[in-house]
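Here is the structure we will look at.
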Amino acid sequence: MFRQILSLWSKADLLQQSYETACRMLDTTKEMYVEVTECALHRQPPRFDVHKRDKQLNVMETEIRRKVLEHLSINPKQDIVASLVLVSVVGDIERIGDYSKNIEELAERYHEDASHLQQSETLEECSRRVLSFFDLVREGLEKADTEKARKVMTEHKEVRRVCDNIIERCFSDPAIAKNEALVAVLFARYLKRISAHLKNIATSVVNPFDEIGYTRPPAVSEE
């Protein structure tokens with residue numbers, strides 16, 4: 001199914017332009033993620049204005065929505081699913097930018113690097129794993145590579161588990177200072193959400209449109 005969608009994106013001019021912009025958005029969020037995690041973990045100042053990049057993402061998302069709407073206005077009965085998938089993917093990419101911005105804001109308010117936290121090694125390992133998802137998702141989108149997409153979907157579960165454990169320990173261990181616990185909880189939460197949005201994008205390669213965002217089909221209610 002996704003191969004057919006990818007083919008439509010490459011054939012319809014406005015959709016092709018939108019798809020290329022979406023890929024640039026994903027590349028931009030990866031750059032943002034690298035900068036803000038280095039800032040949080042090692043006090044390395046970002047090499048560019050993260051908030052400005054986030055605004056650029058918003059502009060690109062708006063541009064994509066406009067082009068998709070224009071395409072559907074011209075061809076109201078064509079490529080509807082491909083258009084909806086593209087808009088869904090772009091929404092997740094934009095949210096990754098938002099959470100990356102949140103990490104930078106957290107680092108600005110916490111005046112020490114995260115290596116001082118009891119959970120620092122776990123957070124760093126988790127951030128590296130999430131970073132690897134960007135390239136897997138990119139390849140999944142470019143080549144309709146379901147294997148790469150499924151890898152993200154599977155490994156996200158481990159990221160989620162690790163982040164939840166960090167949060168639980170910070171709430172339950174009285175030996176952890178309150179400010180350190182707050183930083184660790186927020187950092188883990190942001191990593192978990194970025195991972196989740198990358199997983200959502202990966203599901204668009206594997207799942208039909210109505211199941212995008214789910215790692216398994218949603219339960220059907222019994223009446």
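Before we move on, is residue 69 open to solvent by less than 40 Å² (accessible area, probe 1.4 Å) and either farther than 26 Å from residue 130 by Cβ or modelled with pLDDT of 90 or more (or both)?
Criteria not met by residue 69.
Mind listing whichever residues of the stretch 68-120 are in a helix (DSSP H, G or I) and of a type in the set (S, T, N, Q)?
Answer for the stretch 68-120, where residues must be in a helix (DSSP H, G or I) and of a type in the set (S, T, N, Q): 73, 83, 88, 100, 102, 115, 120.
Tell me which of these residue 131 doesn't satisfy, since it passes every other one: (1) under 21 Å from residue 184 (Cβ atoms); (2) at pLDDT below 95; (3) open to solvent by 50 Å² or more (accessible area, probe 1.4 Å).
Unmet for residue 131, out of (1) under 21 Å from residue 184 (Cβ atoms); (2) at pLDDT below 95; (3) open to solvent by 50 Å² or more (accessible area, probe 1.4 Å): (2).
Take residue 205 and tell me if it is touching an Asp or Glu at 6+ places or on another chain (Cβ under 8 Å) and either under 27 Å from residue 86 (Cβ atoms) or touching a residue at least 24 places away in the same chain (Cβ under 8 Å) (or both).
So residue 205 passes the test.
Please give the number of the condition residue 159 fails out of (1) touching a helix residue (DSSP H, G or I) at 6+ places or on another chain (Cβ under 6 Å); (2) touching a residue at least 24 places away in the same chain (Cβ under 8 Å); (3) open to solvent by 30 Å² or more (accessible area, probe 1.4 Å).
(3)
How do the pairs read when you match residues in the stretch 167-179 that are closer than 21 Å to residue 192 by Cα and free of Cβ contacts under 8 Å to residues at least 24 places away in the same chain with residues anywhere that are open to solvent by less than 80 Å² (accessible area, probe 1.4 Å) and among the small types (Gly, Ala, Ser), using Cβ under 7 Å and keeping only pairs 6 or more apart or on different chains?
167/188
Quick one: is residue 107 in contact (Cβ under 8 Å) with a residue 60 or more places away in the chain and out of contact with any Ser or Thr (no Cβ under 7 Å at 6 or more places or on another chain)?
Yes, satisfied.
The values are calculated or read from the model by the stated rules, or taken from the named source; none is laboratory data. All of these numbers come straight from a predicted model, not from anything done at the bench. No Cβ is skipped: glycine too gets one built from the backbone with ideal geometry, and neighbour counts run over all protein chains shown. Keep in mind that these areas ignore ligands, DNA and RNA; they rest on the heavy atoms of the full protein, side chains included. Shrake-Rupley method; radii C 1.70, N 1.55, O 1.52, S 1.80 Å.
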